[in-house]
Amino acid sequence: MTPDTILNRLLYKDSLMLVLNKPAGLPVHAGPKGGDNLEMFLDPLRFGLPRLPSLAHRLDRDTSGCLILGRHSKALRKLGKLFQQGRVEKTYWAVVDGAPPKEHGVLHAKLRKLTPKSGWKMVVDEAEGQAAVTEYRVLGRSDDGRRTWLECKPKTGRTHQIRVHCAHMGCPIVGDAVYGVPGVAPLHLHARGVVVPLYPTRDEPIAVEAPAPEHMRALLKACGFSDEADVAVAP
């Protein structure tokens, strides 16, 4: 990723916060196997400040879309408090296999981390899991009924929450190698938007949207999505 590339993926900037359109396939942190990660490319986002911006939250490696960064320690504390209080609204788009039982609903399945020798993953465990809540609604369906375009709003911040909840209701996300069918496509999960009440004196919170990524557009269009309806401007 070049300096121009990351600057072109900047969706929002003010004195406290940045919102970046993270590409799918790039982890946000360094991993045990090495390789590129987002934190290696943040230098162009200093905009004159002495320190690099820092992640206020995280997205999975294969999830694209809105990622919030704090520009300095004071901003990170403010953002951290908002996330802790559940006041940052996050909206995701997913293309799933099959169809949910209703046009909209709320999923309440509790989640627990499972660590077998083959690698960790999250599982539904109503006895010992942590509370996890996801609202969803259907935005479109493919003509053959095989795929559904969902809007998902997590009300809690559990790891892999949307991925596990979709799979649990019988609709795994397309391309989910852990909770769905591996090898068919990239993961079709996109952090579409964030709403951040960062400034108490303002009438409206900060609202930012990331355009639909290229790797999801074909299946989104099969479910009724149109480029004209995508009000966010693609980088």
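Values as computed for the structure displayed
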item	result
Distance (nanometres) between label positions extended 7 Å along Cα→Cβ at Ala177 and Ser54	3.1 nm
Nearest-10 value in Å² for the accessible area of Lys110, using the 1.4 Å probe	70 Å²
Separation in nanometres of the label points that stand 7 Å from Cα toward Cβ, at Glu39 and Asp125	2.7 nm
Cα gyration tensor shape of the stretch 33-191, rounded if a/c is under 1.5, else prolate or oblate by comparing a/b with b/c	prolate
Accessible solvent surface per residue of the stretch 1-102, calculated while the other protein chains remain in place, 1.4 angstrom probe, Å²	51 Å²
Lysines whose Cα lies under 20 Å from that of Lys117, excluding same-chain neighbours fewer than 8 positions away	Lys33
Chain lengthening between Leu7 and Asp203 when straightened (0.36 nm per residue, less Cα-Cα)	67.7 nm
Length added when fully stretched, Val195-Arg141, from 0.36 nm per residue minus Cα-Cα	16.8 nm
For the stretch 72-118 versus the stretch 163-184, the gap between their alpha-carbon centres in whole angstrom	15 Å
Positive minus negative residues near Ser64 (Lys, Arg vs Asp, Glu; Cβ under 11 Å)	+1
Residue-averaged 222 nm ellipticity for the chain, from DSSP H runs of 4+ at -39500 (n - 2.57), nearest 500	-4000 deg cm²/dmol
Sequence-distant lysines (8 or more away, or on other chains) whose Cα lies within less than 24 Å of Lys78	Lys13, Lys22, Lys90, Lys153, Lys155
C-alpha long axis of helix 73-84 to longest principal axis of the chain, angle in °	20 degrees
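The values are calculated or read from the model by the stated rules, or taken from the named source; none is laboratory data. Owing to the predicted nature of the structure, the values given are computational and were not obtained by experimental measurement. Ideal geometry is used to build each Cβ from the backbone, glycine not excepted, and the neighbour counts take in all protein chains shown. When the accessible area is computed, the model is the full protein with side chains, heavy atoms only, and any ligands, DNA or RNA have been set aside. Shrake-Rupley method; radii C 1.70, N 1.55, O 1.52, S 1.80 Å.
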